[in-house]
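Notes to accompany the following structure.
The values are calculated or read from the model by the stated rules, or taken from the named source; none is laboratory data. On a predicted model such as this, the values are computed, not experimentally measured, just so you know. All Cβ positions, even for glycine, are placed from backbone atoms using ideal geometry, and neighbour counts span all protein chains on display. Side chains included, ligands, DNA and RNA excluded: accessible areas come from the protein's heavy atoms. Shrake-Rupley method; radii C 1.70, N 1.55, O 1.52, S 1.80 Å.
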Amino acid sequence: MSTESSYRYTGEKSIDLAQLATRVEKGPDQAVINSALDANVATLSDLQSRLYSQKQHGVIVILQGMDTAGKDGLIRHVFSGLNPSGTSVVSFKEPTHVQLAHDFLWRVNQALPSRGEIRIFNRSQYEDVLISHVHPEMLTTQNLPGINSVADVDDEFWDHRYHDLKNYEKYLRHQGFEVVKIFLHLSKDEQTHRFERRIEVPSKNWKFVPSDMQERAFWDDYLDAYTQMLENTATKKSPWYLIPADDKGVARLIVSNIMIDRLQALNPQYPKVSSETKQKLRSVLQELKDHKL
């Protein structure tokens, strides 16, 4: 599969999501995907172990996409093989009253990983320029300064939000935290198929939420919101990765390749042990062998 550069978007040119491919042409068959994914998970496990031991960098993986884009399955297949002591998932739902009483990035700060950890955000702070972009009336109930009606949610408001999101990531990068932003690009036809599966297959019924169908009516509005978000928050140092998501297996393999590239770029290393410590370890080992401990 292609390296991360094939899907890397830095915001230097405009995009048309309606025309952007949602499926990789002539992708590998499932057996090849499974084999490659298993190898990648093993590589990621080693990199995560070194990251955790070094404790210099933290990694935030942001997953965004339309409903049924495959975020949960991707997390299971790409990240479940990593050590759970250094890998975790946070799902961002509708903000609570407590969260809305703070700035819109407050709840994100509470969820950041520690140094050495990988934390996956299933949805993220970017919901605040997506769902609220489609439904700006939501913002009029949040006691935001100067936002008293939908008319107040203007271009300047969104420019400020995009500016804050970009600078927040710059701040995190300066502190040693890498942000890997993944957009799973799903076609409307494939979403139809996945909704049908959730309704037709009893074991998937629990996944179906009627409100998802209501949001599907705003498909074009969400495409516009995603376009605005991607164009205004992608940079060379903090790109978005636009992943064709109609084929779940291919999407998972692409993301695992991207994660390997990004973690290898950090080049985490196990801490070096001093000569004095090595001598102590050898002494303890000898005592164990001599049954003195």
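Can you name the residue in the range 229-269 that is of a type in the set (D, E, K, R) and in a loop (DSSP other than H, G, I, E, B) and is also least open to solvent (accessible area, probe 1.4 Å) among such residues?
We begin by selecting, within the range 229-269, every residue of a type in the set (D, E, K, R); these are 231, 236-237, 246-248, 252, 261-262.
Those left that are additionally in a loop (DSSP other than H, G, I, E, B): 236-237, 246-247.
On the way: LYS236: 135, LYS237: 144, ASP246: 17, ASP247: 47 Å².
My answer is ASP246.
Take the residues in the range 69-90 that are among the hydroxyl-bearing types (Ser, Thr, Tyr) and modelled with pLDDT of 95 or more, then tell me which one is least open to solvent (accessible area, probe 1.4 Å). So that I can check it myself, show each step before the final result.
Here is the first cut: in the range 69-90, the residues among the hydroxyl-bearing types (Ser, Thr, Tyr) are 80, 85, 87-88.
Subsequent filtering for residues that are modelled with pLDDT of 95 or more retains 87-88.
Working: THR87: 20, SER88: 38 Å².
Ranking the candidates gives THR87 first.
Taking strands (runs of 3 or more DSSP E) that do not extend beyond the range 53-164, which have at least 1 residues that are touching a residue at least 24 places away in the same chain (Cβ under 8 Å) and among the charged types (D, E, K, R)?
Values: elements: 58-65, 87-91, 118-122.
Correct list: 118-122.
Does GLY58 satisfy the condition of being small (Gly, Ala, Ser) and at negative phi?
Numbers: small (Gly, Ala, Ser): yes; at negative phi: yes.
So GLY58 passes the test.
For the list (1) open to solvent by 10 Å² or more (accessible area, probe 1.4 Å); (2) in contact with a helix residue (DSSP H, G or I) (Cβ under 7 Å, 6 or more places away or on another chain); (3) of a type outside the set (Asp, Glu), I need the number of the one condition that ALA225 fails.
Failed condition: (1).
Somewhere in the range 41-54, is a residue under 22 Å from LEU242 (Cα atoms), open to solvent by less than 10 Å² (accessible area, probe 1.4 Å) and modelled with pLDDT of 95 or more?
yes
Could you please find all residues in the range 14-40 being charged (D, E, K, R) and either open to solvent by less than 60 Å² (accessible area, probe 1.4 Å) or at positive phi (or both)?
The first filter runs over the range 14-40 and keeps only residues charged (D, E, K, R), leaving 16, 23, 25-26, 29, 38.
The one that is charged (D, E, K, R) and either open to solvent by less than 60 Å² (accessible area, probe 1.4 Å) or at positive phi (or both): LYS26.
Out of the residues in the range 201-222 that are open to solvent by 60 Å² or more (accessible area, probe 1.4 Å) and of a type in the set (S, T, N, Q), which is farthest from SER14 (Cα to Cα)?
SER203
Restricting attention to the range 201-217, does a residue exist that is of a type in the set (Phe, Trp, Tyr), part of a helix (DSSP H, G or I) and under 28 Å from GLY27 (Cα atoms)?
Pass one, the range 201-217, residues of a type in the set (Phe, Trp, Tyr): 206, 208.
Still in the running and part of a helix (DSSP H, G or I): 206.
From the residues that got through so far, the ones that are under 28 Å from GLY27 (Cα atoms) too are none.
The answer is no, given that none of the residues of the range 201-217 is of a type in the set (Phe, Trp, Tyr), part of a helix (DSSP H, G or I) and under 28 Å from GLY27 (Cα atoms).
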